[in-house]
Amino acid sequence: MYQNLIVTGGCGFIGTNFIRYVLEETDFSGRIINVDILTYAGNPLSLADIADKYGDRYVFVKADICDYKEMLSVVEQYDVDSICHFAAESHVDRSILHPDDFINTNIIGTYNLLKVAYEKIETIKRFHHVSTDEVFGSLGAEGLFREDTPYAPNSPYSASKASSDHLVRAYCETFGVPVTMSNCSNNYGPYQFPEKLVPLMILNALEGKALPVYGDGQNVRDWLFVKDHCIAIWEIMFSGVVGETYNVGGRNEMKNLDVVKVICNLVDEVAEPLASGESRESLISFVKDRLGHDRRYAIDCNKIDAELGWTPSESFETGIRKTVKWYLSNMDWSESVRTGEYQNWIKENYL
Ligand code: NAD
Ligand code: DAU
């Protein structure tokens, strides 16, 4: 069992859900050190109750993974024996507008962490790298991404993640750093920053705003409830074979337009009707397509199923219902991340 686990990017969407899952629902008895620089996507409010509840077993360190010396000193100070690496610039649209941060954080940041892990190879038992299915590029109407599918990234985001994946692999092969890696499909669930499709559509639908669907809305993604992803990562960290990579997916392909329609119907069911009396579907607005927009992603997750016994437990119907309900009950969270109020809270509490 690991004693001192660094989670990078723990104030982001998946990192927050992962820390909650590990502390609240597993038999982990050690300490989590959450290393996060708090970009626009990092929100310590998401873990405020965890910080109160777990005392010394949860430590927050505001630090940049691109800073090698700082990372080394965190590893030394907290006797770190394991790293689960989420920190990244994660939004494809932003990578098209401003790729620089993606190159720095996703490539240089990962490289720094690998160097630290190699420097501390006597004590680091596991380095898990969280990656994406986007490294495989775009599928046609048929086929699935497997672990041996060749890499063909199309956006600056996916190219930076692909680059980091190659570095992770190289540090294992060349230097013996004990890595595992996962490539996962689209996550949705609580605490997702409302720039991504699902939370953006939920909040806009609740507020009666336009629902911007890129292109013809026929692009396909494989949707996975975030907690299922967290369970998969935890499973890999313990039972995954060093040097191996595991695809993680929801077995749940959907066209974007269908995702948006499901959200519209759910919001119609739980919220006040629109003033116009029409269904939220009337808010759907087709807009200019994303540059280089990948057409279809779909994951073959039979390896992790067969070898580690992991399979998604949430269907899209059950997961999206929980997600809509969460956003409805946590409007203050969404408000704070959108207005930047949490930035003030960060200044008061962490800077
Ligand atoms: P996110 O954007 O919500 O959170 C990223 C976190 O990383 C933020 O808290 C941010 O402050 C932190 N961060 C950014 N730069 C940093 C730096 N230089 N130093 C320290 N911390 C920094 O991202 P997410 O959606 O939670 O994704 C987490 C990881 O999972 C990423 O590596 C992403 O590529 C991968 N992934 C995401 C999905 C998805 O659907 N969201 C799917 C597959 C894989
Ligand atoms: O596949 C895994 C990836 O999923 C992760 O690696 C990324 O970090 C994560 O951001 C996500 O990338 P996508 O680009 O697929 O997610 P996004 O929510 O931005 O978009 C999902 C789909 O919806 C995509 O086809 C673009 C479309 N879209 C998105 C937005 C924000 C719209 O049609 N309208 C929108 O307003």
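The values are calculated or read from the model by the stated rules, or taken from the named source; none is laboratory data. Values in this document were obtained by computation on a predicted structure and should not be read as measured data. All Cβ positions, glycine included, derive from the backbone under ideal geometry; neighbour counts span all protein chains shown.
Restricting to the range 246-266, and then to whatever is hydrophobic (A, V, I, L, M, F, W, C) and within 16 Å of ligand 2 (Cβ to nearest atom), can you tell me which residue is farthest from residue 17 (Cα to Cα)? For the range 246-266, the residue satisfying everything is 257. The residues of the range 1-44 that are small (Gly, Ala, Ser) and within 19 Å of residue 106 (Cβ to Cβ), listed by number, are 9, 10, 12, 15, 41, 42.
To keep it simple, each residue is scored yes or no on (1) touching a helix residue (DSSP H, G or I) at 6+ places or on another chain (Cβ under 7 Å); (2) surrounded by 24 or more Cβ atoms within 10 Å (Cβ to Cβ); (3) over 28 Å from residue 149 (Cα atoms).
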position: 175; (1), (2), (3): yes, no, no
position: 179; (1), (2), (3): yes, yes, no
position: 184; (1), (2), (3): yes, yes, no
position: 195; (1), (2), (3): no, no, yes
position: 201; (1), (2), (3): yes, yes, yes
position: 210; (1), (2), (3): yes, no, yes
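Has the range 229-250 got any residue that is within 16 Å of ligand 1 (Cβ to nearest atom), more than 18 Å from residue 324 (Cα to Cα), out of contact with any Asp or Glu (no Cβ under 8 Å at 6 or more places or on another chain) and of a type in the set (Phe, Trp, Tyr)? Yes, that holds for at least one residue. Take the range 279-324 and flag every residue that is over 29 Å from residue 149 (Cα atoms), within 16 Å of ligand 1 (Cβ to nearest atom) and among the hydrophobic types (A, V, I, L, M, F, W, C). Across the range 279-324, the qualifying residue is only 320.
Residues that are touching a strand residue (DSSP E or B) at 6+ places or on another chain (Cβ under 7 Å) and aromatic (Phe, Trp, Tyr) within the range 43-85 comprise 58, 60, 78, listed in sequence order. Does residue 243 fit the bill of being away from ligand 2 (no atom under 14 Å from the Cβ), over 18 Å from the mean Cα position of the chain (by Cα) and not in a strand (DSSP E or B)? Yes: the conditions hold for residue 243. Of all residues in the range 264-275, none satisfies being over 22 Å from residue 210 (Cα atoms) and surrounded by 13 or more Cβ atoms within 10 Å (Cβ to Cβ).
Here residue 278 meets the list (1) surrounded by 20 or more Cβ atoms within 10 Å (Cβ to Cβ); (2) free of Cβ contacts under 8 Å to residues at least 40 places away in the same chain almost entirely, failing just condition (1).
Could you list, in sequence order, the residues of the range 99-140 that are part of a strand (DSSP E or B) and either modelled with pLDDT under 95 or within 19 Å of the chain's Cα centre (by Cα) (or both)?
127, 128, 129, 130, 131, 132
Within the range 221-237, can one find any residue that is over 25 Å from residue 19 (Cα atoms), in contact (Cβ under 8 Å) with a residue 12 or more places away in the chain, under 16 Å from the mean Cα position of the chain (by Cα) and part of a strand (DSSP E or B)?
Yes, the range 221-237 contains a residue that is over 25 Å from residue 19 (Cα atoms), in contact (Cβ under 8 Å) with a residue 12 or more places away in the chain, under 16 Å from the mean Cα position of the chain (by Cα) and part of a strand (DSSP E or B).
Listed by position, the helices (runs of 4 or more DSSP H) enclosed by the range 1-93 that each have at least 2 residues that are within 16 Å of ligand 2 (Cβ to nearest atom) and farther than 16 Å from residue 238 by Cβ are 13-25.
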